[in-house]
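Each remark here refers to the structure printed beneath this line.
The values are calculated or read from the model by the stated rules, or taken from the named source; none is laboratory data. Source: prediction; values computed, not measured. Because the Cβ atoms are built from the backbone with ideal geometry, glycine has one as well, and the counts that use them run over all protein chains shown. The area values use the complete protein model at the heavy-atom level, side chains included, leaving out ligands, DNA and RNA. Shrake-Rupley method; radii C 1.70, N 1.55, O 1.52, S 1.80 Å.
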Amino acid sequence: MIQVDLSGIPQVKLARKTYEELACKAYETLVEQKGAGGEFTGWLRLPACYDKGEFSRIQEAAAQIRKTSQALVVVGIGGSYLGSRAVIELLQGPDYNLQPKNTPDIFYVGNGLSSEAILHTIAALGDRDFSLNVISKSGSTTEPAIAFRLFRKLLQEQYGREADSRIYVTTDKEEGALKVLAQRRGYTTFSIPRDVGGRYSVLTAVGLLPVCACGVDISQLLEGAAQEMEALLSGSQGNPAVAYAAARQWLYSRGMTTEVLAAYEPGFSYMAQWWKQLFGESEGKGGGGIFPASVELTADLHSLGQYLQDGMRNLMETVVYFEKARRDVPIPYDQEDLDGLNYLASRPLSQVNRTAMEATKQAHIQGGVPVMEIQVPDISERSVGALLYFFQFACGISAYMAGVNPFDQPGVEAYKRNLFTMLGRPGYGPGIAGLPHF
């Protein structure tokens, strides 16, 4: 379903010749689950062998949330919320909460420590009926744990004993602080598979419960992912994920150290945030790795466009383009034509958007920025499921090509150690390690 166009890379044939062999080896490492972190590749075949019983319980819980709640508060950080938000905003619109609908508004907390942000969410909730979905493998990660305390207290104040029936917990199947609390209080629980890391977990209960509560057809989402899985697991030859991984690693070897992900749909913004976490945490290790950045086009052509066109030539660009518009609007004719746009009258806006993409792509290539294009059939559950799986698969290959473990994140622990020490958490001594001299 997902196709990759590499014609925007100079000497692309050389890239294929010198790097696709490495990519094919990395493909085998990933598929055979024999590389570093291979025990965390449960997502690899998940779309075809997910827990059908848990899937039904997710649908039942989502229906209950829609029935009893005007809002759903999702508590999580990183992979615990980025994937679901990406899917919801792409499929239901970035202004989802402002739309008239028969599904609950959705709020995301626990992804930071701003009291201002928390208070804004509480004010937005007002006295509406709401439910809580807290997502954490351990239950003790600082940001979501604090947010859970705050919103659990709100629930208890608003509903008393009924509060527990409005709390949905997604956590480890057997252990952890959140699992213990859920057992004590009788919360509805869903499992995060132990062989699936957070940034690869969007197609588990982590992402599926809030997505389903917002009216997305998760059966179609998984079906699209399953079809993409079947295509990508059929072999490395002619494989678009292999081609994409090989091209980006070849460009990196040529000094293109930053990859800019671009899309021409505002609803793609959080998909780009999810992509940045996926590739940033998977590849940024050992003093190396491609730095993932993103832009929203055409809007950013009027801000970052100058840099993209004429700035430092350490950039590669990846454009995600949806081939078929889900809806369209014709450009109207104006009698006065003071803006000189009557030459576009009656044309569909999607046609102008596509032309802008093609013109920008050509300009960037001419300006020395290699451009890869990832072609997605449309904005639908099936296509979005396919795109999620494609990026996960390509990321695993690319990271193995770079010689790193795609499934750990040792650097993330550094700030946590300092934070716990400074806050006086039991078990952490006074002071922090000395700062480096630059």
(request) Could you check the simple spin-label distance between L349 and N97, using points 7 Å along Cα→Cβ, in nm with one decimal? (result) 2.3 nm
(message) How large is the translational diffusion coefficient of the chain in µm² per second when you combine the Kirkwood radius over alpha carbon pairs with Stokes-Einstein at 20 °C and 1.002 mPa s?
(response) 92 µm²/s
(message) Need the full-extension length gain, T257 to R326, defined as separation in residues times 0.36 nm minus the C-alpha distance. One decimal, nm.
(response) 21.4 nm
(message) Using the Cα atoms of the range 317-438, I'd like the radius of gyration and the largest Cα-Cα distance, Dmax, both in angstrom.
(response) 24.7, 75
(message) At 7 Å along Cα-to-Cβ for each site, give me the label-to-label distance between E32 and S56 in nm.
(response) 3.9 nm
(request) Mind checking the per residue accessible area of the range 156-288 for me, 1.4 Å probe, whole number of Å²? (result) 36 Å²
(request) Kindly provide the trypsin sites (Lys or Arg not before Pro) of the range 309-371 that DSSP labels as loop, not H, G, I, E or B, and whose Cβ sees at most 13 other Cβ atoms within 10 Å. (result) R313, R326, R327
(request) Counting only DSSP beta bridges with both residues in the chain, tell me the antiparallel percent, nearest 5. (result) 15 percent
(message) So if each residue of separation counts as 0.36 nm, and I subtract the Cα-Cα distance between A177 and V412, what length gain in nm does that give?
(response) 82.6 nm
(message) With a 1.4 Å probe and all protein chains left in place, how much of the accessible area of the range 120-219 comes from carbon and sulfur atoms, in whole percent?
(response) 47 percent
(request) Apply 1/(1 + (r/R0)^6) to the Cβ-Cβ distance of T142 and Q3, taking R0 = 45 Å, and write down the FRET efficiency to the nearest 0.05. (result) 0.60
(request) Would you kindly give the portion of the calculated P(r) for the range 55-106 that falls above 19 Å, as a percent of all Cα pairs? (result) 31 percent
(request) For the range 146-256, divide the Cα radius of gyration by the Kirkwood radius and give the resulting Rg/Rh value with two decimals. (result) 1.15
(message) As an exercise, find the ratio Rg/Rh for the range 1-96 from alpha-carbon atoms, using the Kirkwood inverse-distance average for Rh.
(response) 1.11
(message) Along each principal axis of its Cα atoms, how long is the range 217-333 end to end? Whole angstroms, biggest number first, please.
(response) 50, 41, 24
(message) Accessible area of the range 246-394 with a 1.4 Å probe: how many percent of it is carbon plus sulfur?
(response) 52 percent
(request) First check a/c for the range 258-323, with a ≥ b ≥ c the square roots of the eigenvalues of its C-alpha gyration tensor; if it is under 1.5, answer rounded, and if not, answer prolate when a/b is larger than b/c or oblate otherwise. (result) oblate
(request) Determine the per residue accessible area of the range 309-438 with all protein chains present and a 1.4 angstrom probe, expressed in square angstrom. (result) 55 Å²
(request) Can you tell me the FRET efficiency between D195 and D334 if r is taken as the Cβ-Cβ distance and R0 is 51 Å, rounded to the nearest 0.05? (result) 0.30
(request) Write down the percent of antiparallel bridges among all DSSP beta bridges whose residues are both part of the range 246-398, to the nearest 5. (result) 5 percent
(request) Can you send over the carbon and sulfur percentage of the accessible area for the range 31-113, probe radius 1.4 Å, protein chains only? (result) 48 percent
(message) Could you work out how much longer the chain between R128 and L113 gets when fully extended? Use 0.36 nm per residue separation minus the Cα distance between them, nm to one decimal.
(response) 3.0 nm
(request) Return, for the Cα atoms of the range 27-161, the radius of gyration and Dmax in Å, separated by a comma. (result) 17.4, 54
(request) Quick one: compute the contact order of the range 88-153, relative version, from alpha carbon pairs under 8 angstrom and 6+ residues apart, as a percent. (result) 32 percent
(request) For the range 161-210, just say rounded, prolate or oblate: build the C-alpha gyration tensor, square-root its eigenvalues into a ≥ b ≥ c, call rounded for a/c under 1.5, and beyond that prolate if a/b exceeds b/c, oblate if not. (result) oblate
(message) Can you give me the distance in nm between label points at L419 and Q220, each placed 7 Å from the Cα along the Cα-to-Cβ direction?
(response) 3.8 nm
(message) From the C-alpha coordinates alone, can you work out the Kirkwood hydrodynamic radius of the range 382-434, in Å?
(response) 14.1 Å
(request) For the range 102-144, go through all pairs of different Cα atoms, get the mean of 1/r, take its inverse, and jot down that Kirkwood value in Å. (result) 11.9 Å
(message) So if I average 1/r over every pair of distinct C-alpha atoms in the range 254-403 and take the inverse, what Kirkwood radius in Å does that give?
(response) 17.0 Å
(request) Compare E28, E54 by solvent-accessible area with a 1.4 Å probe and give them largest first, with all protein chains kept in place. (result) E28, E54
